[in-house]
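Chemist: Can you keep this structure in mind? I'll have questions shortly.
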Amino acid sequence: MAATQYAFRAQKTSGVADAPSWDTSTRIPVDTAAVRCYAYSPDGDWLVYAVASAVNLLSTSAPSSSSTPLTIPQANVVATTFSPLSTYLFTFERPVKLETGEMHKNVKAWHVKTGEEVGSWYQKTLDGWEPIITSTESHLIRAGASDVAIFSPPLAPRPITRLRLEGIKGIFVSQPTALPAEATSSKPVAPHSEPAVAIWVGERKGSPASVSLYPLSSLIGKGATNGSSGEEEIKTETRDMPISNARKAFYKADKLTVKWNNAGTQALFLTHTDVDNTGKSYYGETNLYLVSLDGSFDGLVDLDKAGPINDFAWSPISREFVVCYGFMPSKTQLFDSKAKPVHSFGNQHRNFVQYQPQGRLLLSAGFGNLAGGVDVWDVSTRTKVAEFKAANSSHCEWSPCGRYILTATLSPRLRVDNGVKIWWCGGQLLHIHPQDELYQASFAPKLVKDAEPFPAVVPKAPEPNESVALYRPKGEVSNGGDSKPAGAYRPPGARGTVASDVYSRRDDDVPSSGSGTSTPTPMFKGGKPSSRYIPGAPPPGAAPREEKNEEKKKRTRKRGGKEKEEEPAPAPAAPVAEMESLDVGDDDANTKKIRNLTKKLKAIEDLKTRLAGGEVLEKTQVKKIESESQVRAEIAALGGSA
């Protein structure tokens, strides 16, 4: 398959689009609706899609005009997958109990070239239904309630080995391979001589959970013989699980994610609990472990930032891995094969990382509840190659050639703005494909050993097609580095000033810049805090404005008095004598009473002045004036003088 292509599945249509025009081909009829699932073969040569009544298998390398799918009359298929060498196609149907009381064999195997059924068995749930087959298709591994069964050949009626083991929760098989020399400038790790198996055993009776790594040969009994023609030639050997040289025990693991490196020599596994007992995270507690197959290293990956582990990925050369972790803004850190930190790509709002198939570039992005920022890094020089924004994206992946990036907004994660966008590795937007109720979209893959070479310098981007000018929102640019960062929202009263860094999650001491385009104003001028600006108030330092005559008249009318401009205000009656000096060092009860009575006396004198000016007082105010002698007597009784 020479040209890069992607397939998509929506409620009302499905199709395949080929580069560089990205026009939808006719391999899948345009009127094909209600496709339940689709899948590419690992080498990208085959595409299978299932409708309600049948499963259709077609070659992706054949031209659109001559592409005739192979139809398999199997109804009610909800999931499909291929074997590693694309020899077999596996389909899954929902389990149904037959009239005889037996369960229907809902997982079936079909030969890709002939379409004949070659095997079937019962699988209870859709989770983990995919058959576990080695990269050479020599063995198939199936986990039971209390044992592990190994079949050879994969679709043999009986296993050649059965291993007794209680509490199995997951099996993960490596696919040893390596990038071709011309595809990368770094020397990849040589692949292991045989596949390896990682077996996860859950916690039982107080004992911790564990992940053990085994070479496949150590699990197969020496006396087991392979058979291919009849059941009588296969002898099953039942024995205990052998001792592993590579084992890691741990607590707190409700879920486990295992990722082998391409060479099959090391495995990273992420443990996740649904509840964090410490209360630090709403999403539970996560830990990352690294284990070598030969037992030379096993331990916890030490992370220097608190918070959950968002994502992790192995480099295609199998010598290093990257982890995105910590509270937002999260940290993206590069580690070597001994879990030692090598380089930090800084703190950004990111929760997704993925290497280019050739290993030269690294993509880090923030999807889901984040804004959709995407960074592309050169791994060798540790420099940023591109930055753009793919808002509302829920799926992202590299093309096998390493030149294109696909982002998609899928339903039901988001039911608006569904569609596919194709970006150049340098950050330029090349294609927009809007599609209502889009459920699935992905590039046609290639095997690691067939990876195409990628130049040392990012090549020049091709011209975008017409869909970009037609569907791109106004004001949006393809490269985020050319756009002005929006910054955090700040209320109008706080704009133009430097915000406080008290509540920011920053690992460095660099102060944040003000939002917007206004020039920041320092919070302190000349050692004193700058006053807050109040709309309508005079600027700081200005003389108080004089009250106009009209305003005086209004205030006088409100009090109910008459305006007398020419007549001067009468002189106040006997002024209140100032109190003698008191020792207020000891603020006892008598001093407080004298102070309060003095305030009352001053208020009485003010009322007498207003009464003399012709103002009509209320009854309570008149009674207050009549109590003047009583207030003076109380002051004298307490030892004060008025």
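The values are calculated or read from the model by the stated rules, or taken from the named source; none is laboratory data. Predicted model only: the values in this text are computed from it and were never measured. Cβ atoms come from the backbone with ideal geometry, glycine included; neighbour counts cover every protein chain shown. When the accessible area is computed, the model is the full protein with side chains, heavy atoms only, and any ligands, DNA or RNA have been set aside. Shrake-Rupley method; radii C 1.70, N 1.55, O 1.52, S 1.80 Å.
Chemist: Name the long-range amide H neighbours of Gly15: under 5 Å, sequence gap of 5 or more, or other chain; modelled H, no Pro or chain starts.
Modeler: Counting only residues 5 or more places away or on other chains, the set is Phe8.
Chemist: If you don't mind, another one. Counting other Cβ atoms within 10 Å of each Cβ, which chymotrypsin sites (Phe, Trp or Tyr not before Pro) in the stretch 363-392 have at most 14 and sit in a DSSP loop? All intermediate terms of the calculation are to be shown ahead of the outcome.
Modeler: Numbers: sites: Phe367, Trp377, Phe388; in loops: Phe367.
Counting only loop positions with at most 14 other Cβ atoms within 10 Å, none of the chymotrypsin sites (Phe, Trp or Tyr not before Pro) in the stretch 363-392 qualifies.
Chemist: Another question, then. Between the alpha-carbon centers of the stretch 1-57 and the stretch 600-642, tell me the distance in whole angstrom.
Modeler: The two parts, judged by their Cα centres, are 96 Å apart.
Chemist: Given a 1.4 Å probe and heavy atoms of the protein chains only, how would you sort Thr383, Thr332, largest accessible area at the top? Present the calculation step by step, with values, prior to reporting the outcome.
Modeler: Details: Thr383 70, Thr332 5 Å².
Descending accessible area places them as Thr383, Thr332.
Chemist: Report the calculated FRET efficiency for Val118 and Ser193 (r = Cβ-Cβ distance, R0 = 35 Å), to the nearest 0.05. The partial results should precede the final answer.
Modeler: Details: r = 29 Å, r/R0 = 0.83.
FRET efficiency, Val118 to Ser193: 0.75.
Chemist: The stretch 166-219 to the stretch 325-361: how many Å between their Cα centroids?
Modeler: 22
Chemist: Loop only per DSSP, at most 12 neighbouring Cβ atoms within 10 Å: give me the trypsin sites (Lys or Arg not before Pro) in the stretch 188-223, ordered by residue number. The partial results should precede the final answer.
Modeler: Numbers: sites: Arg204, Lys205, Lys222; in loops: Lys205, Lys222.
Here the trypsin sites (Lys or Arg not before Pro) that fit, given the DSSP loop and packing criteria, are Lys205, Lys222.
Chemist: With θ set to phi - 60° and the Karplus curve 6.51 cos²θ - 1.76 cosθ + 1.60, what are the ³J(HN,Hα) couplings of the stretch 401-409 in order, to the nearest whole Hz, using x for Gly and Pro?
Modeler: With coefficients 6.51, -1.76 and 1.60, one gets 6, x, 9, 10, 10, 9, 10, 9, 9 Hz.
Chemist: Let me ask another. May I ask you to evaluate 6.51 cos²θ - 1.76 cosθ + 1.60, the Karplus curve with θ = phi - 60°, for each residue of the stretch 84-92 and list the ³J(HN,Hα) values in order in whole Hz, giving x for glycine and proline?
Modeler: Result, rounded to whole Hz: x, 9, 6, 7, 10, 10, 10, 10, 10.
Chemist: Check which residues have an amide H placed less than 5 Å from His139's amide H, if you skip close sequence neighbours.
Modeler: Those qualifying (amide H under 5 Å, at least 5 residues apart or on another chain) are Thr134.
Chemist: Taking Cα centroids, how far is the stretch 125-143 from the stretch 403-435 in Å?
Modeler: 32
Chemist: What is the stretch 289-434's relative contact order, in percent, from Cα pairs under 8 angstrom and six or more apart in sequence?
Modeler: Details: 339 pairs, mean separation 17.4, N = 146.
This gives 12 percent for the stretch 289-434.
Chemist: Taking θ as phi - 60°, what are the ³J(HN,Hα) couplings along the stretch 607-619 by the Karplus curve (6.51, -1.76, 1.60), each to the nearest whole Hz, with x for Gly and Pro?
Modeler: Per residue, the Karplus-derived 3J(HN,Hα) values read 5, 5, 5, 5, 5, 5, x, x, 7, 7, 9, 7, 4 Hz.
Chemist: May I pose another question? Expected output is a single nm value to one decimal: the length gained when fully extending between Ser146 and Ser217, i.e. 0.36 nm times separation in residues minus the C-alpha distance. What is it? Provide the component values of the computation, followed by the final result.
Modeler: Numbers: separation 71, 0.36 × 71 = 25.56 nm, distance 2.07 nm.
Difference between extended and current length: 23.5 nm.
Chemist: Starting from the Cα-Cα distance between Phe297 and Glu626, subtract it from 0.36 nm times their residue separation and give me the gain in nm to one decimal.
Modeler: On the way: separation 329, 0.36 × 329 = 118.44 nm, distance 9.63 nm.
Result for the pair: 108.8 nm of gain on full extension.
Chemist: Net charge around Val291, counting only other residues with Cβ within less than 11 Å of its Cβ (Lys, Arg = +1; Asp, Glu = -1)?
Modeler: Numbers: positive: Arg247, Lys248; negative: Asp294, Asp298.
Every neighbour counted, the sum reads 0.
Chemist: Can you send over the solvent-accessible area of Lys97, 1.4 Å probe, protein chains only, in Å² to the nearest 10?
Modeler: 140
Chemist: OK, next. Highest mean first, what order results for 324-330, 297-303 on Cβ atoms within 10 Å? Display every interim value, and only then the final one.
Modeler: On the way: 324-330: 19.7, 297-303: 15.3.
Ranking the peptides 324-330, 297-303 by packing returns 324-330, 297-303.
Chemist: Name the long-range amide H neighbours of Asn347: under 5 Å, sequence gap of 5 or more, or other chain; modelled H, no Pro or chain starts.
Modeler: The answer is none.
Chemist: When a/c reaches 1.5 or more, the comparison of a/b and b/c decides; with that in mind, is the stretch 231-278 rounded, prolate or oblate per its Cα gyration tensor? Please list the in-between numbers first.
Modeler: Numbers: a/c = 2.57, a/b = 1.93, b/c = 1.33.
Judged from the Cα gyration tensor, the stretch 231-278 comes out prolate (a/c at least 1.5, a/b above b/c).
Chemist: Kirkwood Rh and Cα-based Rg: tell me the resulting Rg over Rh for the stretch 235-315, rounded to two decimals. Kindly include the intermediate steps, with their values, before the conclusion.
Modeler: On the way: Rg = 15.4 Å, Rh = 14.5 Å.
Result for the stretch 235-315 is an Rg/Rh of 1.06.
Chemist: Subtracting the Cα-Cα distance from 0.36 nm times the residue separation, let me have the gained length for Lys205 to Arg413 in nm, one decimal. Numbers along the way, then the final one.
Modeler: Numbers: separation 208, 0.36 × 208 = 74.88 nm, distance 3.91 nm.
That works out to 71.0 nm of additional length.
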